[in-house]
Amino acid sequence: MDHSFHRPKLQLLFIKSIIINKKIIHSLFEIFSKYTHTLFTRLSNIIPPLSLILLSARANSAWELNMVESATAIGREIHGLHMTIFYICVAIAIIVFGIMLYSIIRHRKSLGAEAKPFHESTVVEIIWTTIPLIILVVMAIPATNTLIAMYDTEASDIDIKVTGYQWKWRYEYLNTDVDFFSTLTTTQDQMHGLETKSENYLLEVDNHLVIPINKKVRFLFTAQDVIHSWWVPDHAIKKDAIPGFINESWTKVEKPGIYRGQCAELCGQGHGYMPIVVEAVSEEDYQAWLINQQQAQKNANQVSELSFDELMVQGKTGYDKNCAACHQVTGLGIPPVFPALKGSAIALGDIQQHIDIVVNGKAGSAMAAFGEQLTPTELAAIITYERNAWGNDKGDSIQPAEIVSFKQAQGQ
Amino acid sequence: MTDHQTATTHEHSAAPATGIKRWLYTTNHKDIGSMYLIFSLVMLLIGGSMALLIRSELFQPGLQLMQPEFFNQMTTLHGIIMVFGAIMPAFVGMANWLIPMMVGAPDMALPRINNWSFWLLPFAFGMVLSTLFMEGGAPNFGWTFYAPLSTTYAPPSVTFFIFSVHIMGISSVMGAVNVIATIMNMRAPGMNYMKMPMFVWTWLITAFLLLAVMPVLAGVVTMMLMDIHFGTSFFDAAGGGDPVMFQHIFWFFGHPEVYIMILPAFGIVSHIIPTFARKPLFGYHSMVIATSSIAVLSFIVWAHHMFTVGMPLVGELFFMYSTMLIAVPTGVEVFNWVATMFRGSMTFETPMLFSIAFVVLFTIGGLSGLMLAIAPADFQYHDTYFVVAHFHYVLVPGALFSIIAGVYFWIPKWTGVMYNEGMGKFHFWLSFVGVNLTFFPMHFIGLAGMPRRIPDYALQFADFNMVASIGAFLFGLSQLIFVYNIIQCIRQRGCPASPQVWEGAEGLEWTVDSPAPYHTFQTPPDLDKLQYSNGHN
């Protein structure tokens, strides 16, 4: 790992900071005018009568106040615990703040209140130590029971290994050949406001995790690089995915439907961009899906000769989905953290080195190893695209078969 | 002549040195206290500006102002600067100013160490801020810097980050040693432990917490340094290490750390409420016991920050129960403040307003903390905005409000000038509205499912995020009133303050002139003559 530091010269640093400041100020002005406009339109939307707000109970309804009620028995138990402890807190707050408010109103000097300098009462201290203690013990009992149930991962019907990657999820259905990655499909244009945001903005992926309803599904969590955390609020599952370790959790979903969640542990710059979509279906649909999925995977790994234009078209799609978060749609990157590909030594240099960095990643940097994440066709298309887009114009192209032989040469 | 010379060397020269040398070389606890307080104010404004940048980006869905990479740098620096640069030095500044005056001592026990522990800080934070301009950017792994994101996957600036955490740690440990030495050795004759003011008590306990856990933080960052540069694998599973061990060590420091940031606040509020209720603190003894219990318990609750890492069931249960238990002594503190107000003769000057808001809003933060303690429910709360709401409630209208209350309360003693009461009240009401507008909606978006530390969010979280951002700007900008009020006091603009300042104030610091002379209590005060009872007998 190379950890030498490139210290820019002091002058350069100074100039750099000025440029950054200028950029920030400029964008601040731009944003300010944009914000004031949206603020007023949004406010005029949200201020109308409360009844209107309550009526808008869509799936995506805004002004959501509380924890989701959940589609599993454990989830409902947790929701119940949450509401119980919440009401206990409200009761305590009403009593404490009530007494305080009473004193604030009645015992003011301006009303002629005289201080009664009573203090130190062991009896009172014992009372207000004991009562909370009893409340806590009462609360701890159901909480303990729920926790024990959550930890019971025995006797599962289906086992799925979930692996966190920077920044996507991999699902392996144990004892089957089904093994795929699930990646965000929201476009960069939507994020940057160049396109209208879709209904499930940032919560949509290419491949859903499909599970059958009314079956005990056990998840085994781990991670490839840093710690991630797999969270689906509707199923009340949140478990850290830790590199080198395996964690367990389970669910039994009762209602068919699509359930969305997100990574909950900071895992780098794409932390907000690795959602989870679970699709719960009937047992028959699940079996049919399994067969389809196995076939689809076989097909995806087969390679065929593609024309330059086909590679470029597929390459742009693949690039925008997998690479643009760092290297940007424009290929300009965000130097110095994420290098530009436009005019870069790698994109214009030796093709084997280019394949190597995409397939194996770069240790000690955010550049992941895409070799196992993408199909040979996708890899070939992306590399071709990178060598010919944004005026790189190398004119060469890579066929999927070359990727396959590269990986074979590496013993993968 | 020789007699005279002996006298001058034994007594400090009456007047402070002039110019920059006064501040560089000073060993005077009041000068050092002022420097700490001003430093923390500057850090508050820097960290606050970063918070405003974060809230601007989160004003609406989409990426408007910054890239996710820079967003992560901002959340990291905001956390580090607020915890180590704003809140902690502010409390140390107050300790410097007040502890010697409250226990009747002429200065801190270790004046030169005092100077050094302050002057380390500007270098530590200068280094932290300089990482923004480094190749690869500033640290971007959150203020909790979980490995391996902060080791194998960190930007090169992490080494500077580690070094500055070491420097901050040295500064904190020296500050803590100084506080302990002062309190144990330099109390005026007759001031036994159970006559010490609450602020002194809470700081004594805090200082022991600091001594216990800052070396642990130093240890964990050293292990990171070894992993990064010297080929060890403490936190790298590939080499036989354990990333979860990082979290255990970090939170073994981190949980007592949150009490380090709140116990002195308990002390401050325990001075202000009795003063303006014109009544002694209801249960001094039980407050001392409760504070000590919190400190002891704070060592056995750390893994409640890690309920989702996959601990064994028994571990989960242990940490759930111990965490719930800590609510009991915390409750005792709150009940005692309320009982102190009850049947008092209350007035509502700015320090009192901030203290009352402290009690209410800190309690809200405490109650959401109790909810978070319920381990099964925490699987839903963990790493969401509910947690962000919780800890900001205990740290902003908690720790920060107590500091603001303390500044308003003691600034007449420090500068000799009364602050502008009207502006103080205006500052309070804007802050009160702003802070709730910012942090209360975060409870809702957290419960609705928004993870923390994301630069962009799904559309259903948009409305409350916009409210929070508006609140943040209201809160942030209203602090400028505070800054103005402080500057006016320092510039001696305003009515001169009497030595007593507040009608109901008790304690040795109110027996000296306002402003407090450069040297106070060079001969120990006679507690009997002053009828010193600390409000209780």
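Which Cα, out of A:V162, B:W429, A:M150, lies furthest along the positive dipole direction of the protein assembly as shown (beta carbon charges, K/R +1, D/E -1)?
Of A:V162, B:W429, A:M150, it is B:W429.
Principal axes first, then extents: for the Cα atoms of the stretch A:162-294, list largest minus smallest coordinate on each axis, whole Å, largest first.
41, 34, 27
Loop only per DSSP, at most 12 neighbouring Cβ atoms within 10 Å: give me the chymotrypsin sites (Phe, Trp or Tyr not before Pro) in the stretch A:69-116, ordered by residue number.
none
Debye sum, Cα scatterers, the protein assembly as shown, no solvent: what log₁₀ I/I(0) at q = 0.07, 0.08 1/Å?
-0.62, -0.80
Measure off 7 Å from each Cα along the Cα-to-Cβ vector at A:V123 and A:N66, then give the distance between these two points in nanometres to one decimal.
Here the answer is 4.0 nm between the modelled labels.
Along each of the three principal axes of the Cα atoms of the stretch B:19-92, give the extent in whole Å, ordering the values from largest to smallest.
Each principal axis gives a Cα extent; for the stretch B:19-92 these are 52, 23, 17 Å.
If you build the convex hull over the alpha carbons only and average its shadow over all orientations, what do you get for the stretch B:197-246? Give it in nm² to one decimal.
Across all orientations, the stretch B:197-246 yields a mean hull projection of 4.1 nm².
Using alpha carbon centroids, what distance separates the stretch B:11-79 and the stretch B:378-432, in Å?
A separation of 16 Å, based on Cα centres.
Return the whole-Å distance between the Cα centroid of the stretch A:117-169 and the Cα centroid of the stretch A:297-323.
After rounding, the separation between the Cα centres reads 50 Å.
How fast does the stretch B:334-405 diffuse by Stokes-Einstein, in µm²/s, taking the Kirkwood radius from C-alpha pairs at 4 °C and 1.567 mPa s?
Value of D from the Cα-based Kirkwood radius: 98 µm²/s.
What is the distance in Å between the Cα centroid of the stretch B:457-474 and that of the stretch B:278-293?
The stretch B:457-474 and the stretch B:278-293 have Cα centres separated by 40 Å.
Going by a ≥ b ≥ c, the root eigenvalues of the Cα gyration tensor, does chain B fall in the rounded group (a/c under 1.5), the prolate group (a/b larger than b/c) or the oblate group?
prolate
Within 10 Å, at most 16 other Cβ atoms, and a DSSP state outside H, G, I, E, B define an exposed site. Report the longest part of chain B free of exposed chymotrypsin sites (Phe, Trp or Tyr not before Pro).
B:349-517
Rounded to the nearest 500, what is chain B's calculated 222 nm mean residue ellipticity when only DSSP H runs of at least 4 contribute -39500 (n - 2.57) each, over all residues?
-22000 deg cm²/dmol
Hey, could you grab the Kirkwood Rh for the stretch B:130-218? Inverse mean 1/r over distinct alpha carbon pairs, Å, one decimal.
About 15.5 Å, per the Kirkwood formula over Cα pairs.
How do B:V128, B:V332 rank when sorted from fewest to most other Cβ atoms within 10 Å of their own Cβ?
B:V332, B:V128
Let's test the formula: R0 of 41 Å, r as the Cβ-Cβ distance of B:L211 and A:T330. What FRET efficiency results, to the nearest 0.05?
0.15
Among B:V269, B:V179, B:M224, flag the residue with its Cα farthest along the positive direction of the charge dipole of the stretch B:155-306, charges on Cβ as +1 for Lys/Arg and -1 for Asp/Glu.
B:V269
How far is helix B:243-260 tilted off the main Cα axis of chain B, in degrees rounded to 10, range 0 to 90?
Tilt of helix B:243-260: around 30 degrees.
Within chain B, what's the longest stretch lacking GluC sites (Glu not before Pro) that sit in DSSP loops with no more than 13 other Cβ atoms inside 10 Å?
Within chain B, the longest run free of exposed GluC sites (Glu not before Pro) spans B:12-502.
Work out which trypsin sites (Lys or Arg not before Pro) in chain B are exposed loop sites (DSSP not H, G, I, E or B, at most 15 other Cβ within 10 Å) and give the longest gap free of them.
Answer from the scan: B:1-490.
With unit charges on the beta carbons (Lys and Arg positive, Asp and Glu negative) and the dipole taken about the Cα centre of the protein assembly as shown, which residue among A:H354, B:W203, A:T183 sits farthest to the positive side?
So the residue we want is B:W203.
In debye, nearest 20, what is the charge dipole magnitude of the stretch A:165-269 about its Cα centre with +1 on Lys and Arg Cβ and -1 on Asp and Glu Cβ, if you could check?
Using only the charged Cβ atoms, the result is roughly 460 debye.
So how strong a dipole does chain B carry about its Cα centre when Lys and Arg Cβ are +1 and Asp and Glu Cβ are -1, to the nearest 20 debye?
Dipole size: approximately 880 debye.
Of B:K195/B:K425; A:K197/A:K321; A:K216/A:K238; A:K238/A:K298; A:K168/A:K215; A:K238/A:K316, which sit over 27 Å apart, Cα to Cα?
Check vs 27 Å cut-off fails for B:K195/B:K425; A:K238/A:K298; A:K238/A:K316.
Sort A:M100, B:M102 so that the residue with the fewest other Cβ atoms within 10 Å of its own Cβ comes first and the one with the most comes last.
Placing the least packed residue first, the sequence is A:M100, B:M102.
What is the extension gain from B:D513 to B:S233, computed as 0.36 nm multiplied by their sequence separation minus the C-alpha to C-alpha distance, in nm to one decimal?
Difference between extended and current length: 94.9 nm.
Compute the Rg to Rh ratio over the stretch B:386-527 from the alpha carbon atoms, using the Kirkwood formula for Rh, and round to two decimal places.
Computed over Cα atoms, the ratio is 1.15.
Evaluate the charge dipole of the stretch B:266-393 about its Cα centre and quote only its size in Debye, nearest 20, assuming +1 on the Cβ of each Lys and Arg and -1 on the Cβ of each Asp and Glu.
The calculated dipole for the stretch B:266-393 is roughly 480 debye.
Expressed as a fraction of 2.2 N^0.38 Å, the rule-of-thumb size for a compact globular protein of N residues, what is the C-alpha radius of gyration of the stretch A:233-276?
Output field value: 1.32.
Read the figures in this text as sums done on the coordinates, not as results from a lab. Bear in mind the structure is a predicted one, so any value in this text is a computation, not a measurement. Don't worry about glycine lacking a Cβ; one is built from the backbone with ideal geometry, like all the others, and counts go over all protein chains shown.
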